[in-house]
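Engineer: Here's a structure for you.
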Amino acid sequence: MFLRRIVLVVSLAAATGCSGVEPWVKPYERQNFADPIMAADRNPIATSYLNHVFDAREGARGALGGHGGGCGCN
Amino acid sequence: MARLVIPFALAAIAAGAALTAGSPTQAAVLPDDRADVLYHRYEGGGVTVDGPSLLVRKKVAENYSVSANYYVDMVSSASIDVLTTASPYEETRRQGSLALDALNGKTQYSVSFTNSDENDYTANTASFDLSQELFGDLTTLSLGFSRGWDEVRKRGDEEFEEPVDRRSYRLGLSQIVTPTLMLGFAFETITDEGFLNNPYRSVRYLDAENPAGFAFQPEAYPNTRTSNAVALNARYFLPYRAVAHGEYRWFTDTWGIDAHTVRLGYTHPLGERWVLEGGYRWYDQSSADFYADLFPRRDAQNFLARDKELSTFSSHMLSVGATYEFGVSRWSFLKRSTVNVFYDRMRFDYDDFRDILSGGAPGAEPLYGFDANVYRIFVSAWF
């Protein structure tokens with residue numbers, strides 16, 4: 001149910017013209033995000049292993065990795 | 001022989017699913033073709049886990065990318081849990097993952113499947129992830145769902161076979177805020193249902209008839225668990241081409257565990273070929289409601305746990321790493337290649353888990369703590 005609501009919100013946002021929002025950081029100002037050192041996860045194989053170590057030793061889980069990046073440079 | 005590595009299997013399969021599925025933060029750009037060969041090693045608390053991990057990713061046609069990962073944990077355990085109630089053991093866990101990413105305009109779809117197998121635990125996970133760029137490509141929204149179905153077995157008991165059903169729901173958002181700052185948000189709900197405790201682990205309780213003053217009985221967990229985690233992170237591009245980054249995660253679950261995680265890191269290129277990085281991570285959690293180091297009597301309550309991962313504890317981790325880019329002139333098909341060495345030093349201090357091997361009156365033994373070394377050494381090649 002939660003996922004369905006999220007998909008609905010996203011669909012509505014896309015259909016009602018989110019693409020019309022004027023980007024305040026212009027494409028030519030995004031070269032820093034194309035730099036490999038700015039990548040959220042430069043070495044997925046190493047990050048994945050470390051997250052595995054945390055998950056095995058700690059009670060907490062989830063919301064690790066796969067977020068916080070975004071290129072926006074193409 | 002007791003084996004206490006079930007959490008390792010679950011943790012690894014979650015990490016493996018995330019590894020092969022394309023990063024949802026890379027919407028509108030399929031991941032680069034690359035191959036990685038990694039050797040990993042963890043040493044700490046009487047446990048050594050090492051092995052290889054291989055990852056290959058390749059674009060197929062214009063809008064598809066496939067990836068495969070093979071991962072092995074070779075475990076040698078003489079942890080305090082094992083030494084307390086069983087004998088040291090060795091075992092191997094193997095894991096394989098396959099994923100397909102598809103790009104359609106500004107939307108990326110990923111499906112993946114991961115299987116993990118060891119002699120007393122089999123785990124399977126299927127995942128679907130979707131990410132979409134919005135607002136002039138400044139925002140990336142990602143959604144994900146995973147379904148896991150596991151089988152828990154017990155060595156020495158052929159009749160023992162219990163299922164676990166796992167589901168994960170993910171939401172992520174990344175936002176370019178300025179030409180040098182990116183913020184990220186992640187939310188994940190995970191539900192488990194089935195046999196969630198370890199068939200080998202025991203809890204201890206006061207027993208005046210035992211010469212040690214205490215005795216053991218099997219642990220008993222609830223058969224459901226739901227957790228929520230929220231993370232916020234930031235990456236900042238410094239004027240002299242370096243990156244500072246930080247992350248905070250808050251976690252809570254229906255077992256009564258609350259946890260906080262803070263990570264800080266710094267990445268610094270050196271010349272054309274080197275990238276150096278360092279970081280610090282702090283983690284703190286409260287115990288599960290049904291955890292106790294020493295219960296007052298046998299069957300003191302419905303649910304019983306003495307797993308130190310469910311106790312109150314904190315940990316600190318210092319990380320350093322170096323990447324060196326090198327060329328192989330005779331292999332012209334390689335665009336670039338790197339060799340990487342990362343080292344992490346961890347310290348765990350438990351507030352209510354006692355080192356009963358050190359002796360002392362029941363409940364008055366020294367608190368347990370240990371250091372761990374983590375090594376990640378790998379070669380990466382882009383082609």
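The values are calculated or read from the model by the stated rules, or taken from the named source; none is laboratory data. Quick caveat, the model's predicted, so the values are computed rather than measured. Positions of Cβ are generated from backbone atoms using ideal geometry, with glycine treated the same way; all protein chains shown enter the neighbour counts.
Engineer: Going residue by residue through segment B:322-342, is there one that turns out to be over 30 Å from B:Leu270 (Cα atoms), within 10 Å of chain A (Cβ to nearest Cβ) and hydroxyl-bearing (Ser, Thr, Tyr)?
Structural biologist: no
Engineer: Does segment B:117-144 hold any residues that are away from chain A (no Cβ under 14 Å) and touching a Phe, Trp or Tyr at 6+ places or on another chain (Cβ under 7 Å), and which are they?
Structural biologist: B:Asn124, B:Ala126
Engineer: Is it the case, given these coordinates, that B:Leu196 is among the aliphatic types (A, V, I, L, M) and in a strand (DSSP E or B)?
Structural biologist: For B:Leu196, the condition - among the aliphatic types (A, V, I, L, M) and in a strand (DSSP E or B) - is not met.
Engineer: Would you please list the contacts, defined by Cβ atoms under 6 Å and residues six or more apart or on different chains, that run from a residue in segment B:257-285 that is without any contact (Cβ under 8 Å) to a residue 12 or more places away in the chain to a residue that is surrounded by 14 or more Cβ atoms within 10 Å (Cβ to Cβ)?
Structural biologist: Pairs that qualify, where the first residue is without any contact (Cβ under 8 Å) to a residue 12 or more places away in the chain and the partner is surrounded by 14 or more Cβ atoms within 10 Å (Cβ to Cβ), are B:Leu270/B:Leu276.
For (1) touching a strand residue (DSSP E or B) at 6+ places or on another chain (Cβ under 9 Å); (2) within 14 Å of B:Thr107 (Cα to Cα); (3) not charged (D, E, K, R), each residue gets a yes or a no:
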position: B:Ala123; (1), (2), (3): yes, no, yes
position: B:Ser131; (1), (2), (3): yes, yes, yes
position: B:Leu141; (1), (2), (3): yes, yes, yes
position: B:Lys154; (1), (2), (3): yes, no, no
position: B:Glu159; (1), (2), (3): no, no, no
position: B:Glu162; (1), (2), (3): yes, no, no
position: B:Thr180; (1), (2), (3): yes, no, yes
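Engineer: Could I ask something else about it? Name every residue in segment B:328-343 that is out of contact with any strand residue (DSSP E or B) (no Cβ under 7 Å at 6 or more places or on another chain) and either in a strand (DSSP E or B) or free of Cβ contacts under 8 Å to residues at least 12 places away in the same chain (or both), in order of residue number.
Structural biologist: Scanning segment B:328-343 gives B:Ser329, B:Arg330, B:Trp331, B:Ser332.
Engineer: On to the next question. Please state which of the following conditions B:Tyr200 fails to meet, knowing it meets all the rest: (1) away from chain A (no Cβ under 12 Å); (2) at pLDDT 95 or above.
Structural biologist: (2)
Engineer: Same structure, new question: Under the condition of being among the acidic types (Asp, Glu) and under 14 Å from B:Asp150 (Cα atoms), which residue from segment B:170-197 is nearest to the other protein chains (Cβ to nearest Cβ)?
Structural biologist: Top of the filtered list is B:Asp192.
Engineer: Another question, if that's okay. Kindly indicate whether B:Glu158 is at pLDDT below 95 and in a strand (DSSP E or B).
Structural biologist: Yes: the conditions hold for B:Glu158.
Engineer: On to the next question. Quick test for you: out of B:Arg147, B:Arg94, B:Arg167, pick the one residue that is part of a strand (DSSP E or B), among the basic types (Lys, Arg) and within 11 Å of another protein chain (Cβ to nearest Cβ).
Structural biologist: Answer to the check: B:Arg167.
Engineer: Does segment A:51-74 hold any residues that are more than 7 Å from every other protein chain (Cβ to nearest Cβ) and modelled with pLDDT of 85 or more, and which are they?
Structural biologist: Correct list: A:Phe54 only.
Engineer: Related question: Tell me which residues, restricted to segment B:254-274, are within 9 Å of another protein chain (Cβ to nearest Cβ) and either crowded, with 21+ Cβ neighbours inside 10 Å or small (Gly, Ala, Ser) (or both).
Structural biologist: Answer for segment B:254-274, where residues must be within 9 Å of another protein chain (Cβ to nearest Cβ) and either crowded, with 21+ Cβ neighbours inside 10 Å or small (Gly, Ala, Ser) (or both): B:Trp255, B:Ile257, B:Ala259, B:Thr261, B:Thr267.
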